[in-house]
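Chemist: Pasting in a structure now, in structure tokens, and then I'll have a few things to ask.
The values are calculated or read from the model by the stated rules, or taken from the named source; none is laboratory data. Just so it is clear, the model here is predicted, and its values are computed rather than measured. Here Cβ is always computed from backbone atoms with ideal geometry, including for glycine, and neighbour counts include all displayed protein chains. Just so you know, the surface numbers come from the protein's heavy atoms only, side chains and all, with ligands and any DNA or RNA stripped out. Shrake-Rupley method; radii C 1.70, N 1.55, O 1.52, S 1.80 Å.
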Amino acid sequence: MAQRTERADALRNREAVLAAADALFAASGSPQSVSMDDIAAAAGVGKGTLFRRFGDRAGLIGAVIASRLEPLRRAVREAQGAPGSSPRQRVADLLDASLRFKIENRNLMTAAEDAGLSSPYQAEHYGWWHEVLRAALDEVPGVDDADFTAHALLAAIRADLVAHLIDERGVDAEGLRSSLAGYIDKVLGAG
């Protein structure tokens, strides 16, 4: 079955909604405080357009996350083919990139959980991160169960944990990145 091409006006509306939601979420510091009415008004569309296009608040938040993740995914794909880095370094780089994304987007990622996207394991982006990390771990000597190890390492950088450590415990971003690097070394053993 052929995929339907999106109408130009529908594509413009989608992009306007994503840009408006992204800007309002970033400016508010708390995406939960931004209403669907606020987003519709900023995008210049009716509220019904939001619900027809994204289904609900969770769908809209998921679409904003996906749009923010795309540049990171491109960078990861390019880095995977780069010569010279060891499998251990690729694992560390992948986890650091994911942690930096979650630090920068922790309010949005927490809002996703609060909006009903509560199981990160069912999110499309989690499946992608897990597969990329599992493939890198398959190449690390001494890693017996790359699948489980990928899940365990990704659990160490869950969005709710990152937000808790930074916002409630006062851990700074560089300290968190350093702690993650040390944890990776312990999990993977001496390299």
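Listed here are the residues, each with its yes/no results for (1) touching a residue at least 40 places away in the same chain (Cβ under 8 Å); (2) farther than 24 Å from Arg77 by Cβ.
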position: Arg88; (1), (2): yes, no
position: Leu94; (1), (2): yes, no
position: Val143; (1), (2): yes, no
position: His151; (1), (2): no, no
position: Ile157; (1), (2): yes, no
position: Gly175; (1), (2): no, yes
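Chemist: Could you list, in sequence order, all residues of segment 177-191 that are in a loop (DSSP other than H, G, I, E, B) and touching a residue at least 12 places away in the same chain (Cβ under 8 Å)?
Modeler: Within segment 177-191, Gly189, Gly191 meet the criteria.
Chemist: Inside segment 133-144, can you point out the residues that are surrounded by fewer than 19 Cβ atoms within 10 Å (Cβ to Cβ) and within 20 Å of the chain's Cα centre (by Cα)?
Modeler: Ala135
Chemist: If you don't mind, there's one more thing I want to ask. Being assigned to a helix (DSSP H, G or I), at pLDDT 90 or above and in contact with an Asp or Glu (Cβ under 7 Å, 6 or more places away or on another chain), is that true of even one residue in segment 85-100?
Modeler: No, that holds for no residue.
Chemist: Continuing with the same structure: State all residues of segment 49-61 that are modelled with pLDDT of 85 or more and assigned to a helix (DSSP H, G or I); if no residue qualifies, say none.
Modeler: Initial filter on segment 49-61 (modelled with pLDDT of 85 or more): 49-56, 59-61.
Once the filter is applied, which keeps residues that are modelled with pLDDT of 85 or more and assigned to a helix (DSSP H, G or I), segment 49-61 yields Thr49, Leu50, Phe51, Arg52, Arg53, Phe54, Gly59, Leu60, Ile61.
Chemist: For Val45, all conditions in the list (1) part of a helix (DSSP H, G or I); (2) surrounded by 12 or more Cβ atoms within 10 Å (Cβ to Cβ); (3) modelled with pLDDT of 80 or more hold save one; what is the number of the exception?
Modeler: Unmet for Val45, out of (1) part of a helix (DSSP H, G or I); (2) surrounded by 12 or more Cβ atoms within 10 Å (Cβ to Cβ); (3) modelled with pLDDT of 80 or more: (1).
Chemist: Being in contact (Cβ under 8 Å) with a residue 40 or more places away in the chain and exposed (fewer than 14 other Cβ atoms within 10 Å of the Cβ) is the filter here, so list the residues in segment 48-71 that pass it.
Modeler: Within segment 48-71, Asp56 is the sole residue that qualifies.
Chemist: Those residues that are open to solvent by 60 Å² or more (accessible area, probe 1.4 Å) and either touching a His at 6+ places or on another chain (Cβ under 9 Å) or closer than 30 Å to Gln32 by Cβ (or both), I need them from segment 74-108; list them, please.
Modeler: Residues satisfying the conditions are Arg74, Arg100, Glu104, Asn107.
Chemist: Considering only residues of segment 145-170 that are open to solvent by less than 40 Å² (accessible area, probe 1.4 Å) and outside any helix (DSSP H, G or I), which is nearest to Ala123 (Cα to Cα)?
Modeler: The selected residue is Ile157.
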